[in-house]
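Structure, as structure tokens:
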Amino acid sequence: MAPRLSPAQEALARAEKRYNSSVGWFSSSSTKYEEAGDLFKEAANNFKLERLFKESGDAFLREADCREKGGEKDDAANAYWNAAKAYKQGHPDLAASALGSTVRLLTQLGRFRQAADREKEIGQIYLHDGNDMSKAVAAYLQAAEWYDQEDAKA
């Protein structure tokens, strides 16, 4: 008898199946990606409950991919941010990368204040967890520029 899958693994398997399915006559690719994204998000949250933060971050990245392919940049940015929060639990390099994707989408959407907040988080990761002062300074300077453009105080 095969070992029983955890709720996170079951949701991930359903998400993969939906993501890799073909588009039928009465459905669209955006619906396919929306449904797969919802399942990846479910898997990610279940992995978090199981304290499997790397797996949670990976599932949130898959959700973000689905959201982008479905044309939902706001939801994709949020999924990348959720991935970063999961990755902060032991994988700072992956957290910084996910935040970089969040920043990319936020700037495309013209949401520079939020992009500055995420860029500041990148700086904190490089300063405290990544021990890379030059990348930390670059991130802080970019955040400061966007805060200044938005007339916001950091």
| message | Given (1) assigned to a helix (DSSP H, G or I); (2) in contact with a helix residue (DSSP H, G or I) (Cβ under 6 Å, 6 or more places away or on another chain), identify the lone condition not met by L141. | response | (2)
| Matching residues, region 110-138, being part of a helix (DSSP H, G or I), polar (S, T, N, Q) and within 13 Å of A96 (Cβ to Cβ) | Q124
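With Q114, Q108, Q149, Q89 as the choices, which residue is more than 30 Å from A11 (Cα to Cα), touching a Phe, Trp or Tyr at 6+ places or on another chain (Cβ under 7 Å) and open to solvent by 70 Å² or more (accessible area, probe 1.4 Å)?
Unique residue meeting the criteria: Q149.
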| request: Return the pairs, sorted by first residue and then second, in which the second residue is open to solvent by less than 10 Å² (accessible area, probe 1.4 Å), the first residue lies in region 94-122 and is polar (S, T, N, Q), the beta carbons are less than 7 Å apart, and the residues are 6+ apart or on different chains. | output: S101/A64; T102/A77; T102/A84; T107/A115; Q114/L106
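Considering only residues that are hydroxyl-bearing (S, T, Y) and over 17 Å from A139 (Cα atoms), which ones fall in region 80-127?
We begin by selecting, within region 80-127, every residue hydroxyl-bearing (S, T, Y); these are 80, 87, 97, 101-102, 107, 126.
Passing the criteria: Y80, Y87.
Go over the candidates L94, L52 one by one and state the one that is farther than 27 Å from W146 by Cβ, buried (at least 18 other Cβ atoms within 10 Å of the Cβ) and not polar (S, T, N, Q). Write out each step before concluding.
Details: L94 fails: farther than 27 Å from W146 by Cβ.
One residue alone meets the criteria, L52.
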| Within region 121-146, can you find the residues that are of a type in the set (A, V, I, L, M) and open to solvent by less than 90 Å² (accessible area, probe 1.4 Å)? | I122, I125, L127, A136, V137, A138, A139, A143, A144
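The values are calculated or read from the model by the stated rules, or taken from the named source; none is laboratory data. All of these numbers come straight from a predicted model, not from anything done at the bench. Heads up, the Cβs are rebuilt from the backbone with ideal geometry, glycines too, and the neighbour counts pull from every protein chain shown. The protein model used for the area step is the full one, side chains on, heavy atoms only, and it has no ligands, DNA or RNA in it. Shrake-Rupley method; radii C 1.70, N 1.55, O 1.52, S 1.80 Å.
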